[in-house]
Amino acid sequence: MTTPQDLLFVVLDVRADRPVERGDLSLALAGAELLDLAGAGVVSLREDRIVPASGHLTGDRLLDEAAAALVREEPYESVEDWLWRRGNGLAAAYTAALEPGGSGLRHLFKRAEPADSAERRQAAERWAAREPVLTGLAAELGIGEPGAKSPEDGAEDDRVALVLAAVGDALTELEAVRQRRRIEEDAFDNVWRAP
């Protein structure tokens, strides 16, 4: 299992402060992919840039697709740009990959329940252990609280902090866009209702 898959199970299984929007989940999944790619040595982070480090495969189809989508020319892609580009429609790709037959968890955001599996139990164990990457990503989505710091080395902590901060910023930006749209729609509706 990968961090994005575990995060998807957490979204399904753990009550959030507010419903998780599909766009929010897609951005968090892109962040989870980036952290898994960095952990596998496929990329490194140089300041806020994603630098491809190797071309080896991870063995996971979606992570390998993510690795294939990396920008391989300088100045390389920023973490923020990656989240927006890779995150486009990513929630649908992961829900489709988790449901048997690949047809997708059509009712994911209506609290659909995928069948119990070893993968789901592994995600629950990782959540119960308060694994910092998983709990940090979930906290950005309004699920639970960030986990305690792990005894990882400083470079690992910096990488995780950078990606979590970028995910948080992207989620804030997406919510601001939603609010602007709501205000514009309300103003438009008021114009039509005016006598």
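Computed values, structure above
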{"item": "Conditions (1) among the aliphatic types (A, V, I, L, M); (2) without any contact (Cβ under 8 Å) to a residue 40 or more places away in the chain; (3) touching a helix residue (DSSP H, G or I) at 6+ places or on another chain (Cβ under 6 Å); number of the one not met by residue 71", "result": "(3)"}
{"item": "Residue satisfying all of: in the stretch 22-71; acidic (Asp, Glu) and over 12 Å from the mean Cα position of the chain (by Cα); surrounded by the fewest Cβ atoms within 10 Å (Cβ to Cβ) among these", "result": "47"}
{"item": "Test: residue in the stretch 164-174 that is under 21 Å from residue 38 (Cα atoms), modelled with pLDDT of 90 or more and touching a Pro at 6+ places or on another chain (Cβ under 9 Å)", "result": "yes"}
{"item": "Inter-residue pairs, beta-carbon under 7 Å, first within 21 Å of residue 82 (Cβ to Cβ) and among the charged types (D, E, K, R) and in the stretch 166-195, second in a helix (DSSP H, G or I) and modelled with pLDDT under 65, 6+ apart", "result": "none"}
{"item": "Members of the stretch 24-40 that are in contact with a Ser or Thr (Cβ under 6 Å, 6 or more places away or on another chain) and farther than 19 Å from residue 141 by Cβ", "result": "40"}
{"item": "Per-region count, the stretch 23-60, residues out of contact with any Lys or Arg (no Cβ under 9 Å at 6 or more places or on another chain), in a helix (DSSP H, G or I) and either at pLDDT below 95 or of a type in the set (Asp, Glu) (or both)", "result": "2"}
{"item": "Selection within the stretch 5-21 - open to solvent by less than 70 Å² (accessible area, probe 1.4 Å) and of a type outside the set (D, E, K, R)", "result": "5, 7, 8, 9, 10, 11, 12, 14, 16, 20"}
{"item": "Hits in the stretch 92-140 (condition: at pLDDT below 80 and open to solvent by 70 Å² or more (accessible area, probe 1.4 Å))", "result": "100, 101, 106, 107, 109, 110, 111, 113, 115, 116"}
{"item": "Hits in the stretch 1-38 - residues which are of a type in the set (Phe, Trp, Tyr) and touching a Gly at 6+ places or on another chain (Cβ under 7 Å)", "result": "none"}
{"item": "Members of the stretch 145-160 that are at pLDDT 90 or above and open to solvent by 50 Å² or more (accessible area, probe 1.4 Å)", "result": "158, 159"}
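The values are calculated or read from the model by the stated rules, or taken from the named source; none is laboratory data. Everything numeric in this text was worked out from a predicted model, so none of it was measured. Positions of Cβ are generated from backbone atoms using ideal geometry, with glycine treated the same way; all protein chains shown enter the neighbour counts. What goes into the accessible areas is simple: the full protein's heavy atoms, side chains included, and nothing from ligands, DNA or RNA. Shrake-Rupley method; radii C 1.70, N 1.55, O 1.52, S 1.80 Å.
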